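Structure, as structure tokens:
The values are calculated or read from the model by the stated rules, or taken from the named source; none is laboratory data. On a predicted model such as this, the values are computed, not experimentally measured, just so you know. Here the Cβ positions follow ideal geometry from the backbone for every residue, glycine too, while neighbour counts run over all protein chains shown. In case anyone asks, the SASA skips ligands and DNA or RNA and just uses the protein heavy atoms, side chains included. Shrake-Rupley method; radii C 1.70, N 1.55, O 1.52, S 1.80 Å.
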Amino acid sequence: MNDEDELLAAELAFGLIAGEERRAAEARADIDPPFADAVARWQAHAAALVGAGEAPRPSIWAAIEARLPANDTAPRRDSGRWRTVAIAASLLAGVMTVVAVERRPATPPPAVRLAPAPPLVAMLSGAPGKGVVAVSFDPRARRLTFAATAFDPGRHSAELWVIPADKKPRSLGVIDTTAPRTELSRGDAAAAVAPGVTLAVSIEPIGGSPTGLPTGPVVLSGTVQKS
Amino acid sequence: MIAAGPPETRASLNAALQQVAQGDRLAFEEVYRRTSAKLFGVCLRILPDRTQAEEALQEAYLSVWQRAAQFDAARGTAMTWLISLTRNRAIDRLRAGGRHVAAPIEAASDVHDDKPDGLAMAEMAEDERRLAGCMGGLEARDAVFLRTAFFDGASYPELAERSGLPLATLKSRIRRALLKLRDCLA
């Protein structure tokens, strides 16, 4: 990279240029990968000016959490780590093969443990070739397990909804379509999951629907059954 | 690429941020837990008071939630991305706050750039140490210019005004310093 470009990248990273000049450099970074790499390199250099910092008050996190778009119907209060990935044995056996797609090599492979058979299941499907999402739900433990196959919402989030008899969708949260996951569910949404009830997946903006109801197309659906 | 911590830490923060892009709120909490001290530090250095720094920090993390999908792990680390985002939000807030009186930058002979002492250097992360070492190789005034640009959001014209140097002279000085920095860091 020549000196002129190197300097422009550095000037952008340090904030030395402003206004139209800055916008032009940012636009260039969008279309010129070596230049964008140089900007990223200089941003890392500039970032090294920042020291260790200082921990903010706990109430700051609470304020941030409160301002996130709501896709839970009940507030989360505990931050217990339930980061286990479990695939229900009954879900796998004879139903489908779940391919855990590792999109990012830096991520360690999920630890797959076989959990006890959950009582309620649903297979959500839509148009052929659109993929499927298998869902199992343990109402006692309020554990929801989902596994997506051949389903990629692209630059959107896939959100899971339960639609009980009153026809009002309630969110069970955004689902991870790259690897099978188990989550705890709470509140009205979880309580509504019962045999005969419809589950559906809609395509939403990243992070889930900002409104609490589906804003995008419903692409998969299925009925909850006892397993 | 400059490291921001040992490789395993970097990789998992990158991964956590990518999970945030999927709407994973626990991953978001993890990102917060691991980065909020540093990002709050950014806000505190940029904004004049604590209350504003706290507001800016909240806005930064809300931006993180909304824009995590824009993070490209192939291009840089999560921490650099987070710091850049936070700095941008804080500078926006600083500018939106209306007139703020920017202190003059002293003449060459008066400038003292705070160089970290040996103990402080030992406690720094590797990338910070490298940068501090290379900044130490610059003329003190030029190091001050670069810090001021980063933390005050002062671009070339503002730096020229605050230092009393003609714009062209100032740009020339800073560009020479940047090239020297590049050579030192390479």
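Just a few scattered comments:
- Residue match in region A:117-124 (condition: more than 18 Å from B:Phe28 (Cβ to Cβ), open to solvent by 20 Å² or more (accessible area, probe 1.4 Å), free of Cβ contacts under 8 Å to residues at least 60 places away in the same chain and not small (Gly, Ala, Ser)): no
- Scope region A:149-171; condition of a type outside the set (S, T, N, Q), within 15 Å of A:Val201 (Cβ to Cβ) and open to solvent by 10 Å² or more (accessible area, probe 1.4 Å); matching residues: A:Ala150, A:Phe151, A:Asp152, A:Pro153, A:Gly154, A:His156, A:Ile163, A:Pro169, A:Arg170
- Scanning region A:185-202 turns up at least one residue that is under 23 Å from A:Ala141 (Cβ atoms), β-branched (Val, Ile, Thr) and within 14 Å of chain B (Cβ to nearest Cβ).
- Residue satisfying all of: in region B:131-162; more than 20 Å from B:Arg45 (Cβ to Cβ) and open to solvent by 20 Å² or more (accessible area, probe 1.4 Å); nearest to the other protein chains (Cβ to nearest Cβ) among these: B:Pro157
- The one condition in (1) part of a loop (DSSP other than H, G, I, E, B); (2) touching a helix residue (DSSP H, G or I) at 6+ places or on another chain (Cβ under 9 Å) that A:Val174 fails to fulfil: (1)
- Qualifying residue in region A:31-42 (condition: more than 7 Å from chain B (Cβ to nearest Cβ), in contact with a Lys or Arg (Cβ under 8 Å, 6 or more places away or on another chain), surrounded by 13 or more Cβ atoms within 10 Å (Cβ to Cβ) and touching a residue at least 12 places away in the same chain (Cβ under 8 Å)): yes
- Within region B:24-50, considering residues that are within 20 Å of A:Pro205 (Cβ to Cβ) and out of contact with any Phe, Trp or Tyr (no Cβ under 9 Å at 6 or more places or on another chain), the one farthest from the other protein chains (Cβ to nearest Cβ): B:Ala27
- Any pair with Cβ under 7 angstrom, 6 or more apart, that starts in region B:161-183 at a residue that is touching a residue at least 12 places away in the same chain (Cβ under 8 Å) and ends at one that is open to solvent by less than 40 Å² (accessible area, probe 1.4 Å) and among the β-branched types (Val, Ile, Thr): B:Arg162/B:Ile105; B:Ser163/B:Ile105
- Subset tally (residues that are in a helix (DSSP H, G or I), open to solvent by 20 Å² or more (accessible area, probe 1.4 Å) and either among the hydroxyl-bearing types (Ser, Thr, Tyr) or more than 7 Å from chain A (Cβ to nearest Cβ) (or both)) for region B:51-78: 6
- Test result for A:Ser136, crowded, with 17+ Cβ neighbours inside 10 Å and within 12 Å of chain B (Cβ to nearest Cβ): no
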